[in-house]
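Chemist: What follows is a single structure, and I will ask about it in a moment.
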Amino acid sequence: MAGARADVVVVTHNSRDHIRACVEPLSRSSELSVIVVDNDSRDGTLDALADLPVRPVQRRDNLGFSFACNVGWREGSSPVVVFLNPDATAEPAAILRLAELLEEDPGIGAVGPLLHDEHGIHLSQRRFPTAAISFAAAFFLPRVWPATPWSVDVGNKDAYRRSGSPDWVSGACIALRRDVLEQLGGFDERFFMYYEDMDLCRRVRDSGLDVRFEPSVSVAHIGAASAPRARLIAVMTESRLLYAEKNRGPSGLLTERVATIVHGLTHALVTTQGPEARRNYVRSLAIACESVASMGRDAAGQPRPPSPA
């Protein structure tokens with residue numbers, strides 16, 4: 001929509017059950033332009049929006065969440081872009097408040113709201129991973145001690161009662177200025193799914209801008225409390241190792257590879273998600289082992305020559 005204050009980008013894949021509740025309230029605002037990028041859904045996702053004033057982008061392939069997010073924000077022209085998951089719902093006023101925060105303070109590069117469902121607050125403030133955080137997750141520490149400082153999630157509920165500046169915020173709802181996205185090149189499309197929001201927030205911070213959490217803005221997200229779908233566990237592992245390779249240096253990557261092996265082993269042994277999850281944790285273990293085996297080898301699998309002195 002010409003002259004809109006913010007573009008709202010929603011990426012879908014077989015999301016018919018949720019998408020109208022997500023999009024309809026936002027589509028009625030003259031200050032918002034809603035762009036829905038569909039990754040080759042087979043359930044008629046976009047048909048559910050046919051009567052709404054949204055901009056549909058039908059992809060006949062699925063090249064990943066990051067790729068589709070980039071397609072979406074480049075379709076628009078508003079000075080602020082808000083990425084919203086299809087299983088989230090927000091009032092126009094909430095989205096416009098996120099835009100206002102970015103308009104008011106040029107030092108903020110990205111901002112996320114309070115996420116919740118009928119059961120309470122979701123832990124949407126996050127820490128960048130460290131060796132301690134990775135090994136704590138492998139041994140289930142955040143599950144038995146949610147407020148532990150050795151967790152990617154900021155589990156202290158007091159932190160969700162005030163504005164903050166966490167390392168990064170959940171991509172289930174995140175607002176950025178268009179000029180920041182243009183400067184950074186958007187999402188890194190090597191991340192098919194998972195870790196793309198962490199990577200983007202790291203690059204926002206590396207550019208000298210702040211990442212903010214704003215609890216006065218509330219967004220419902222029914223999918224945030226669930227564990228990754230069993231068939232996507234291996235995808236998460238691949239993204240986890242890619243993030244470490246890109247952002248944590250050789251020693252951090254080695255640490256993450258070892259932690260991922262331990263994580264796959266412990267979770268394959270005790271998962272309660274069923275046999276499909278167990279198979280995918282085993283697959284994750286294999287991916288991590290292959291990653292270790294590839295150390296010191298080039299893309300063709302040949303040993304790399306030693307670096308010149």
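Condition check ((1) assigned by TED's automatic domain parsing to the domain that holds ASP105; (2) surrounded by fewer than 22 Cβ atoms within 10 Å (Cβ to Cβ); (3) part of a strand (DSSP E or B)) across all residues:
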| site | (1), (2), (3) |
| --- | --- |
| SER30 | yes, yes, no |
| SER33 | yes, no, yes |
| ASP47 | yes, yes, no |
| PRO53 | yes, yes, no |
| GLN58 | yes, yes, yes |
| ASN62 | yes, yes, no |
| VAL71 | yes, yes, no |
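Chemist: Could you grab me the full set of residues in segment 168-198 that are free of Cβ contacts under 8 Å to residues at least 60 places away in the same chain and surrounded by fewer than 21 Cβ atoms within 10 Å (Cβ to Cβ)?
Modeler: GLU182, GLN183, LEU184, GLY185
Chemist: Within segment 257-280, identify whether any single residue is of a type in the set (Val, Ile, Thr) and outside any helix (DSSP H, G or I), and answer yes or no.
Modeler: Within segment 257-280, one or more residues are of a type in the set (Val, Ile, Thr) and outside any helix (DSSP H, G or I).
Chemist: Considering segment 97-126 alone, what residues qualify as being in contact with a strand residue (DSSP E or B) (Cβ under 8 Å, 6 or more places away or on another chain) and either at pLDDT below 95 or over 21 Å from GLY186 (Cα atoms) (or both)?
Modeler: Across segment 97-126, the qualifying residues are ARG97, LEU114, LEU115, HIS116, ASP117, ILE121, HIS122, LEU123.
Chemist: Here are some residues: ALA21, ALA4. Which one is at pLDDT below 95 and either in a loop (DSSP other than H, G, I, E, B) or in the same structural domain as SER124 (by TED's automatic domain parsing) (or both)?
Modeler: It is ALA4.
Chemist: If you check PRO215 against the conditions, is it within 16 Å of the chain's Cα centre (by Cα) and either modelled with pLDDT of 95 or more or under 21 Å from PRO86 (Cα atoms) (or both)?
Modeler: No: the conditions fail for PRO215.
The values are calculated or read from the model by the stated rules, or taken from the named source; none is laboratory data. Everything numeric here is computed off the predicted structure, so don't read it as measured data. We place every Cβ from the backbone using ideal geometry, glycine too, and count neighbours over all the protein chains shown.
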